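Let me begin by presenting the structure, written as structure tokens, before commenting on it.
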Amino acid sequence: MLHFSELHRQGEARRGQILLKRGVIQTPIFMPVGTFGAVKTLEPRDLSSIGAQIILGNTFHLFLRPGLDIIELHQGLHRFMGWRGPILTDSGGYQVFSLAKLRRMDESGVLFRSPFDGSEVFLGPEESIHIQKTLNSDIAMVFDDCTPYPAAWEQAKVSMERSAGWAERSKKAFEGSENALFGIVQGSMYPMLRERSLKSLIDIGFDGYAIGGLSVGEPKDQMNDIVKRITPQLPRNQPRYLMGVGTPQDLVYGVACGIDMFDCVLPTRNARNGWLYTSTGVVKIRNRKYRDDLRPADENCSCPCCSNFTRAYLRHLYKVNEPLCARLSSIHNLHYYLNLMERIRNSIERRSFDRIMQEFDVSPTYWPSEIEFEGDSWNTVTIRSNNQ
């Protein structure tokens with residue numbers, strides 16, 4: 001069950017809500033990533049306390065470890081990890097993409113060797129959907145072929161068409177489920193392929209639509225142009241999800257183009273590496289200048305980390321490899337991301353989103369709006385930004 005409502009709109013940016021059986025999600029929203037059934041170093045109550053509404057689980061990794069038998073004993077992923085809110089699960093397509101040297105792919109699916117024990121494993125649309133049904137995720141994703149970058153036109157075309165075929169098989173395998181299923185637009189950096197992919201998905205019919213295959217090594221201008229071109233073509237009456245992206249500026253840009261949902265490992269991964277997002281920029285807490293700094297990580301932040309601890313203390317924890325540093329930093333970074341999304345939602349309601357765009361240097365003049373094409377391929381020599 002999924003119902004989306006658009007409540008407010010400013011330009012392409014929209015403020016909405018998604019009704020699921022386990023709760024209502026206010027959009028635009030950022031979704032913390034819990035790869036192995038846990039957002040690293042955090043408990044579900046930590047996530048709830050900082051405003052997380054929905055989290056991600058990883059189909060590929062949970063299938064391999066602990067295995068479906070253990071998940072079934074818990075009647076799904078929610079009880080297994082102790083999270084009562086909605087969960088979105090990816091399909092495993094991106095993880096298969098990352099195992100290029102360990103896989104063999106054809107139209108039936110992907111045969112690969114487990115990165116954990118070397119055993120042979122087959123994953124196709126039907127298998128991916130069966131896993132996600134067992135996980136009982138509120139939102140499941142179709143199994144797709146994530147095209148690498150760079151990719152020649154023919155390679156991207158074959159990959160996109162394979163994803164389209166797998167999407168149709170995923171939809172059929174999902175029949176009978178009360179949960180939601182999203183399609184994933186592929187096509188690499190070729191707008192025409194992206195549009196063909198989207199048309200095929202709309203013809204099949206899904207509960208929401210995602211843009212996948214980005215943030216895989218392409219220049220930021222090319223990623224932004226695909227987001228800008230494709231997002232307004234996604235169905236307006238259904239959620240729009242930009243997968244695996246990204247920085248705070250990326251989130252603001254995506255919202256400006258009409259995106260509703262985001263996920264990325266960046267806030268938690270960077271937290272473990274001592275990078276803290278703040279209202280005045282990134283604080284690299286390992287730096288010596290914070291050795292005797294009595295200020296919180298962000299003087300404008302009300303998260304549990306900033307309310308109780310100094311930069312000097314966080315630096316000390318980082319330098320002695322104390323796991324508490326990763327925990328506190330992850331709480332802070334996710335609070336920053338979730339608070340940013342709340343600010344965005346409020347600004348769209350008040351028709352002041354342009355102020356946030358200016359704050360993050362995202363505006364129509366920032367967008368790479370003059371990109372020329374030769375046929376349907378990138379002519380990177382002639383990319384021109386209005387900033388120039």
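The values are calculated or read from the model by the stated rules, or taken from the named source; none is laboratory data. If you're wondering where the values come from, they're calculated on a predicted model, not measured in any experiment. For neighbour counting, all protein chains shown are included, and Cβ atoms are generated from backbone atoms with ideal geometry for every residue, glycine included.
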Fill in: Number of the exception - residue 122 against (1) in contact (Cβ under 8 Å) with a residue 40 or more places away in the chain; (2) outside any loop (DSSP other than H, G, I, E, B)
(1)
Discussion item. Cβ contacts < 7 Å: first residue in a helix (DSSP H, G or I), restricted to segment 144-164; second residue among the basic types (Lys, Arg), any location; separation 6+ or different chain. Result?
Written reply: 160/196
Item to complete: With the condition kept exactly as written, say whether any residue in segment 30-40 is closer than 17 Å to residue 182 by Cα and either among the aromatic types (Phe, Trp, Tyr) or at pLDDT 95 or above (or both).
Response: yes
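May I ask you to verify whether residue 86 is modelled with pLDDT of 95 or more, in contact with a Leu (Cβ under 7 Å, 6 or more places away or on another chain), crowded, with 23+ Cβ neighbours inside 10 Å and assigned by TED's automatic domain parsing to the domain that holds residue 213?
yes
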Item to complete: Can you tell me which residue within segment 95-147, out of those that are more than 22 Å from residue 209 (Cα to Cα) and of a type in the set (Lys, Arg), is surrounded by the fewest Cβ atoms within 10 Å (Cβ to Cβ)?
Response: 101
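In segment 247-365, which strands (runs of 3 or more DSSP E) lie fully inside it and hold 1 or more residues that are over 23 Å from the mean Cα position of the chain (by Cα) and either hydrophobic (A, V, I, L, M, F, W, C) or at pLDDT 95 or above (or both)?
On the way: elements: 261-263, 275-278, 281-284.
The qualifying strands (runs of 3 or more DSSP E) are 281-284.
Based on what the data block shows, is residue 70 more than 22 Å from residue 327 (Cβ to Cβ), modelled with pLDDT of 95 or more and either buried (at least 21 other Cβ atoms within 10 Å of the Cβ) or over 18 Å from the mean Cα position of the chain (by Cα) (or both)?
Values: more than 22 Å from residue 327 (Cβ to Cβ): yes; modelled with pLDDT of 95 or more: yes; either buried (at least 21 other Cβ atoms within 10 Å of the Cβ) or over 18 Å from the mean Cα position of the chain (by Cα) (or both): yes.
The answer is yes for residue 70.
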Discussion item. Are there helices (runs of 4 or more DSSP H) fully within segment 23-109 with at least 2 residues that are of a type in the set (Phe, Trp, Tyr)? List them.
Written reply: 59-64, 93-98
Worksheet item: Can you tell me which residues in segment 204-245 are under 22 Å from residue 33 (Cα atoms), crowded, with 21+ Cβ neighbours inside 10 Å and among the hydroxyl-bearing types (Ser, Thr, Tyr)?
Response: 209, 241
